[in-house]
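This report refers to the structure that appears directly beneath it.
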Ligand SMILES: [Zn+2]
């Protein structure tokens, strides 16, 4: 549901936001709800501010029961340092506020104590390496540049699923000791479900990234390069596993004697890959390029 528009920035509100307010009023937790909402707003605004300073456009802001979520345009295609600062800004501001209160103010009122603890919990919790939490995103970007996008997709899926299950398990223990408190279990189930949904976008993102790399090269004029040396009979999907997010790849193709027989740019490889030739060899890719040139 669209709420308002500030300078062409649409702000949406999710219907469950109202449902949660009603539940919180009924349970007598409305004060805690607004503190929690304020803390998550600080978190999200930190992301938005750094994104704005890095020149990124904010597509929309959605008010969810768990706080605001800012949808940023082209985050995956911005410079690695900007991406790290944008994603890291949210948890860092919460941890900074929490530590500042703990070290210098020592909150006396229950409200201020709750505010401090919420900042610390949200800050540290968001640093867990579960995709799509902030920590998971940072970890994923690090992995994908080190081990290639496809391999990192699989690794982040295993890590995120396992950690969500661990949180669910701890949530079950929590219910045994504190009956009716299913907060951790709900968070674990929510994280598992949202990861499954986001994981689909990761695979879509792989192909999107490949096709947008050419555009990035044209706008930035230069992109850091990685070279890959492979035998002519190496299969395309083996090379695809090596492709990473922030580098433009040049593939040097060698024969059995180790002599360079040709080279393929990432754009050429991707064009061939997107035609569905995952299981062809580099040699077949070279023939395809030669035919196209003729
Ligand atoms: Zn965040």
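Look at segment 74-102: where a residue is on the phi > 0 side of the Ramachandran plot and a partner is more than 12 Å from the ligand (Cβ to nearest atom), sitting 6+ places away or on another chain with Cβ atoms under 9 Å, you get 74/56; 74/57; 74/212.
In a residue-by-residue description of segment 42-59, the property of being away from the ligand (no atom under 11 Å from the Cβ), over 16 Å from the mean Cα position of the chain (by Cα), touching a residue at least 40 places away in the same chain (Cβ under 8 Å) and surrounded by 15 or more Cβ atoms within 10 Å (Cβ to Cβ) applies to no position. Of all residues in segment 132-144, those satisfying the criterion of being in a helix (DSSP H, G or I) and within 16 Å of the ligand (Cβ to nearest atom) are 134, 135, 136, 137, 138, 139, 140, 141.
Listed here are the residues, each with its yes/no results for (1) assigned by TED's automatic domain parsing to the domain that holds residue 277; (2) within 25 Å of residue 138 (Cα to Cα).
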site	(1), (2)
217	no, yes
231	yes, no
234	yes, no
237	yes, no
242	yes, yes
249	yes, yes
252	yes, no
258	yes, no
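Does segment 158-170 include one or more residues that are loosely packed, with under 14 Cβ neighbours inside 10 Å and within 16 Å of the ligand (Cβ to nearest atom)? The answer is no, given that none of the residues of segment 158-170 is loosely packed, with under 14 Cβ neighbours inside 10 Å and within 16 Å of the ligand (Cβ to nearest atom). Of the listed requirements (1) within 14 Å of the ligand (Cβ to nearest atom); (2) surrounded by fewer than 20 Cβ atoms within 10 Å (Cβ to Cβ); (3) in a helix (DSSP H, G or I), residue 119 misses just one: (2). Would you confirm whether or not segment 145-162 contains a residue that is in a helix (DSSP H, G or I) and either more than 17 Å from the chain's Cα centre (by Cα) or within 23 Å of residue 97 (Cβ to Cβ) (or both)? Looking for residues that are in a helix (DSSP H, G or I) and either more than 17 Å from the chain's Cα centre (by Cα) or within 23 Å of residue 97 (Cβ to Cβ) (or both), one finds at least one in segment 145-162, hence yes.
The values are calculated or read from the model by the stated rules, or taken from the named source; none is laboratory data. Predicted, not measured: the structure shown is a model, and the values here were computed from it. Because the Cβ atoms are built from the backbone with ideal geometry, glycine has one as well, and the counts that use them run over all protein chains shown.
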